[in-house]
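Structure, as structure tokens:
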Amino acid sequence: MNDLSPERDNRIANLKGLGCSRKRVEDVRFTQGKGNYVDDIKMAGMLHGDFVRSPYAHARVVSINTDAAMALDGVIAVLTAKDLEPLGLHWMPTLAGDKQMVLADGKVLFQGQEVAYVVARDRYVAADAVELVEVEYEELPVLVDPFMALESDTVLREDLAGQTSGAHGERRHPNHIFLWEEGDKAATEAVLAEAEVVAEEMIYYHRTHPCPLETCGCVASMDKVNGKLTLYGTFQAPHVVRTVASLLSGIEEHNIRVVSPDIGGGFGNKVGVYPGYVCSIVASIVTGKPVKWVEDRMENLMATAFARDYWMKGRISATKEGKITGLHCHVTADHGAFDACADPTKFPAGFFHICTGSYDIPVAYVGVDGVYTNKAPGGVAYRCSFRVTEAAYFIERMIERLAQELNMDSAELRRINFIRKDQFPYHSALGWEYDSGDYHTAWDKALAAVGYDTLRAEQAERVEAFRRGETRKLMGIGLSFFTEIVGAGPVKNCDILGMGMFDSCEIRIHPTGSAIARLGTISQGQGHATTFAQILASEIGIPADSITIEEGDTDTAPYGLGTYGSRSTPVAGAATALAGRKIRAKAQMIAAYLLEVHDNDVEFDVDRFVIKGAPERFKTMKEIAYAAYNQAIPGLEPGLEAVSYYDPPNMTYPFGAYICMMDVDVDTGETEVRQVYALDDCGTRINPMVIEGQVHGGLTEAFAIVMGQEIAYDEMGNCKTGTLMDFFLPTAVETPHYTTDFTETPSPHHPIGAKGVGESPNVGGVPMFSNAVHDAFRAFGLKQSHMPHDHWRIWRIAEGLGLHG
Ligand code: CDP
């Protein structure tokens, strides 16, 4: 169609389809306090559960006395492992092929572990009863250091005693979980041995926590009359929860309804299955009453899925001119007491082997040792697809270190080594096929936007002024170029507990030309109700405002694997586009019939089918929808519906160029981020405003992680950061100002060319902020300092470098 008329432009604008910064439809209820979160659910006769948790990180449970708690008025039951054992529910499978205690079975393995579950009339009585449960512990030696755990005679997981192999192969020590390897070790070693220049570093990505505003929780309601279990909860993957609940409880899947209502942020924290879900289901089955369990903040920080805790030992080699020749990485991964990581089965270290980053590295090797310690289980990604933030942090720190060894500008080192545009699809040394990219264009745009050369000159002047004693502030320029990998994933190699990671969309067009679409994903704030309607609007010519998007109810939504790892757009978004195309194909037949021409003689134009060469003769989608229900069309069933289950052929590989500028006060360790520039390329952009919001949020989380967030333990395994007094959540006061930008390199295999974006700013933001801190001290010889870069640690860097005089 070559029609460029204003009338046609109006029709396009009216759709609010792809590329439109449509306002978020869900915000009407959120901004008015009308969201419906788990804790808003109130049911007749509802009981409340609360946990007795271990104060010790490692101890034998000698006895549990529940008498005093049971005697308290309003207490209905106190469950212990002994009560769950006959049901086979005192342990549960984890998403990583391990098993985890639901309630302490003989011993506890981390502080905050669930020991007993109190069910009471209300939350306050439950909390009082928790205090009355008497547990006798016998303390055991504590292991909080993964390196020491691999040397120690103390066996943490006695249940695995004698097992020399686990879900991911051989275990070489009782506290060892797996060794997972990728790449050519011998060839990499050979290249490193011969290299002209090698940079070597231990990069630690500390333990942190997603800390969503809403904690985890559920309401389980067993209807004993019709045998149906309904489970409302903060689930990022409601269908998977239904399947797991069925397998564990023996209740047939059609008799389980899982509903994820509004969710106040997930970031990976709400992917896993927690003891609270299991205990609430059991309690509801036993009592016949609905049972609610909602964590408090301390429980969420101390006991639910942490993120990171990767010790990454790297070696990177290059020629004297700066051409990278090889990369070697060994990770010691602290998984805590149970391996409850949320990764596809085949990838116990997630997609960490994207750690060659955006660079054309001929040979590489990565090995990851998973280790048990006395810390909370459940490594999740925290707004990053399966350990990609760790990988990006690793390579972007190694690049900076290599630049130091080469005495070279690190922006130039990146440019020399970027995968070139003509190399896509690019096969990395560690086995990935990058779908598309144009890194040089993005990098040049970013450097020009911030005035990179001027910044470097200003920085050099500042160093001189510092040396002359004229200032006590240094200036760091934080560079980061990242390649993400999102959209898990091809069913052939990605699954969660055996369920292939496809996703789905089902569309019904109503006779009057509006529609409802249901998806297998679930928004936790990402704005799916807004953006998925936009995909459909462009595909089927019905305005986004006339399309309802529904997610999260397993009784109505098609089976899907949920929302995490920025997979919604690459997978469910593709399913949505393809379901839309099925609608359009049928609509074409209906239009041709109504216009009395052959199917091939009509073509789609914005919101209608027109006769080719005679666009004044057309049928709008509204007319076609009506005809689908009220005309007997030969050879066609009535109605206008479609469903699509989409198995992506590959991941998508968004990328970005991030640069920030930071002033660092050498005497106080205080920092001030002066400027952040973030260029993202997520392929076709569905909603630029939503993308910008995602980028702002992700950058803020990255800022938090780098500058202060930490789940820290003392040597006794006490969690030192279990409250928001200690765990850093930036407010508007600390949060920097952001400038966003973009390039647009569509994914060649995604139906609309879109890649994910939600996690990119975290993946790219962490190395950017950390590199800025390191860069501020580069002139004084700093090589590596572990995150978080809080004031105290920055002061210590300066002290260590002798900058305090
Ligand atoms: O899986 P999740 O929703 O967390 O991440 P995502 O697929 O990256 O999408 C986050 C939000 O950004 C959604 O509302 C997407 O539709 C939107 N988005 C977009 O507008 N354009 C893109 N190319 C990618 C995502």
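The values are calculated or read from the model by the stated rules, or taken from the named source; none is laboratory data. For clarity, every value in this text was computed on a predicted model and none was experimentally measured. Don't worry about glycine lacking a Cβ; one is built from the backbone with ideal geometry, like all the others, and counts go over all protein chains shown. Areas reflect the complete protein model, heavy atoms only, side chains present, ligands, DNA and RNA absent. Shrake-Rupley method; radii C 1.70, N 1.55, O 1.52, S 1.80 Å.
Number of residues in region 189-214 that are of a type in the set (S, T, N, Q) and either more than 29 Å from MET707 (Cβ to Cβ) or surrounded by fewer than 23 Cβ atoms within 10 Å (Cβ to Cβ) (or both) equals 0.
Just name the residue that is surrounded by the fewest Cβ atoms within 10 Å (Cβ to Cβ) out of those in region 150-181 that are out of contact with any Gly (no Cβ under 6 Å at 6 or more places or on another chain) and among the charged types (D, E, K, R). Among them, the one singled out is ASP153.
This table checks each residue for (1) in contact with an Asp or Glu (Cβ under 6 Å, 6 or more places away or on another chain); (2) small (Gly, Ala, Ser); (3) closer than 30 Å to GLU799 by Cβ.
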{"position": "THR569", "(1), (2), (3)": "no, no, no"}
{"position": "ALA572", "(1), (2), (3)": "yes, yes, no"}
{"position": "ALA579", "(1), (2), (3)": "no, yes, no"}
{"position": "ASP647", "(1), (2), (3)": "no, no, no"}
{"position": "ASP665", "(1), (2), (3)": "no, no, yes"}
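With respect to the stated conditions, VAL695 fails to be within 9 Å of the ligand (Cβ to nearest atom) and aliphatic (A, V, I, L, M). Out of ARG53, ARG22, ARG60, one residue alone is buried (at least 16 other Cβ atoms within 10 Å of the Cβ) and touching a strand residue (DSSP E or B) at 6+ places or on another chain (Cβ under 9 Å). It is ARG53.
Considering only region 518-532, how many residues are near the ligand (Cβ under 10 Å from one of its atoms) and in contact (Cβ under 8 Å) with a residue 60 or more places away in the chain?
So the count comes out to 9.
Residue pairs whose Cβ atoms lie under 7 Å apart, sitting 6 or more positions apart in sequence or on different chains, and linking a residue in region 141-168 that is closer than 14 Å to GLY336 by Cβ to a partner that is of a type in the set (Val, Ile, Thr), are LEU143/THR154; LEU143/THR373; VAL144/THR373; PRO146/THR332; PRO146/VAL371; PRO146/THR373; ALA149/VAL371; ALA149/THR373. Take ALA642 and decide whether it is in contact with a strand residue (DSSP E or B) (Cβ under 8 Å, 6 or more places away or on another chain) and either in contact (Cβ under 8 Å) with a residue 40 or more places away in the chain or within 23 Å of CYS355 (Cα to Cα) (or both). Here the answer is yes, as ALA642 does meet what is asked.
Cβ separations smaller than 9 Å between residues 6+ apart or across chains give no pair from region 443-455 residues that are at positive phi to residues that are open to solvent by 20 Å² or more (accessible area, probe 1.4 Å). Screening MET725 with (1) in contact (Cβ under 8 Å) with a residue 60 or more places away in the chain; (2) surrounded by fewer than 22 Cβ atoms within 10 Å (Cβ to Cβ) gives one miss only, at (1). Does ILE624 count as assigned by TED's automatic domain parsing to the domain that holds ALA592 and touching a residue at least 12 places away in the same chain (Cβ under 8 Å)? So ILE624 passes the test.
Determine if region 576-595 includes at least one residue that is open to solvent by less than 30 Å² (accessible area, probe 1.4 Å), among the basic types (Lys, Arg) and within 21 Å of GLY683 (Cβ to Cβ). No: zero hits.
With respect to (1) touching a Phe, Trp or Tyr at 6+ places or on another chain (Cβ under 6 Å); (2) crowded, with 18+ Cβ neighbours inside 10 Å, the lone exception for LYS185 is condition (2). For region 508-517, the criterion of a residue being of a type outside the set (Ser, Thr, Tyr), within 16 Å of the ligand (Cβ to nearest atom), in a loop (DSSP other than H, G, I, E, B) and open to solvent by less than 10 Å² (accessible area, probe 1.4 Å) is satisfied by no position.
Assess whether TYR646 counts as being touching a helix residue (DSSP H, G or I) at 6+ places or on another chain (Cβ under 6 Å), open to solvent by 10 Å² or more (accessible area, probe 1.4 Å) and of a type in the set (Ser, Thr, Tyr). Yes; evaluated as a whole, the condition is true for this residue. Can you find a residue in region 592-610 that is assigned to a helix (DSSP H, G or I), within 16 Å of ILE547 (Cα to Cα) and modelled with pLDDT of 95 or more? Checking region 592-610: not a single residue is assigned to a helix (DSSP H, G or I), within 16 Å of ILE547 (Cα to Cα) and modelled with pLDDT of 95 or more. Screening THR700, THR652, THR671 for residues that are out of contact with any Cys (no Cβ under 9 Å at 6 or more places or on another chain), at negative phi, within 16 Å of the ligand (Cβ to nearest atom) and modelled with pLDDT of 95 or more leaves exactly one candidate, THR700. Of everything in region 665-678 that is touching a helix residue (DSSP H, G or I) at 6+ places or on another chain (Cβ under 6 Å) and surrounded by fewer than 24 Cβ atoms within 10 Å (Cβ to Cβ), the residue that is farthest from GLU506 (Cα to Cα) is VAL666.
Every residue in region 470-507 that is among the charged types (D, E, K, R) and within 13 Å of the ligand (Cβ to nearest atom), please. Within region 470-507, GLU484, ASP503 meet the criteria.
Within region 24-41, residues that are touching a residue at least 12 places away in the same chain (Cβ under 8 Å) reach partners that are open to solvent by less than 70 Å² (accessible area, probe 1.4 Å) and part of a helix (DSSP H, G or I) with beta carbons closer than 6 Å, at six or more positions or on different chains, in the pairs ARG24/THR530; VAL25/ALA529; VAL25/THR530; GLU26/ALA529.
Just to be sure, is ASN771 open to solvent by less than 10 Å² (accessible area, probe 1.4 Å), touching a helix residue (DSSP H, G or I) at 6+ places or on another chain (Cβ under 8 Å) and more than 16 Å from the ligand (Cβ to nearest atom)? Walk me through it before giving the result.
On the way: open to solvent by less than 10 Å² (accessible area, probe 1.4 Å): yes; touching a helix residue (DSSP H, G or I) at 6+ places or on another chain (Cβ under 8 Å): yes; more than 16 Å from the ligand (Cβ to nearest atom): yes.
Criteria met by ASN771.
When region 545-567 is filtered for residues that are open to solvent by less than 10 Å² (accessible area, probe 1.4 Å), on the phi < 0 side of the Ramachandran plot and within 12 Å of the ligand (Cβ to nearest atom), the ones remaining, listed by number, are GLY560, LEU561, THR563, ARG567. Can you say whether ALA69 is in a helix (DSSP H, G or I), at pLDDT 95 or above and among the hydrophobic types (A, V, I, L, M, F, W, C), as far as the supplied structure shows? Taking the combined requirement at face value, the residue satisfies it.
When you check ASP665 against the structure, is it within 16 Å of the ligand (Cβ to nearest atom), in contact (Cβ under 8 Å) with a residue 60 or more places away in the chain and not aromatic (Phe, Trp, Tyr), yes or no? Here the answer is no, as ASP665 does not meet what is asked. Counting only residues that are open to solvent by 50 Å² or more (accessible area, probe 1.4 Å) and not aliphatic (A, V, I, L, M), region 30-50 holds 10 of them. Identify, from the list VAL757, VAL763, the residue that is under 16 Å from PHE655 (Cα atoms) and within 11 Å of the ligand (Cβ to nearest atom). From the options VAL757, VAL763, the qualifying one is VAL757. Annotation note: Cβ proximity below 6 Å between a residue of region 756-775 that is assigned to a helix (DSSP H, G or I) and a residue that is at pLDDT below 95 (sequence gap 6+ or interchain) occurs for ASN762/ARG383; ASN762/CYS384; VAL763/CYS384. Among the residues of region 128-142, those identified as open to solvent by 40 Å² or more (accessible area, probe 1.4 Å) and part of a helix (DSSP H, G or I) are ASP128, GLU131, LEU132. The residues of region 681-694 that are charged (D, E, K, R) and open to solvent by 10 Å² or more (accessible area, probe 1.4 Å), listed by number, are ARG685, GLU692.
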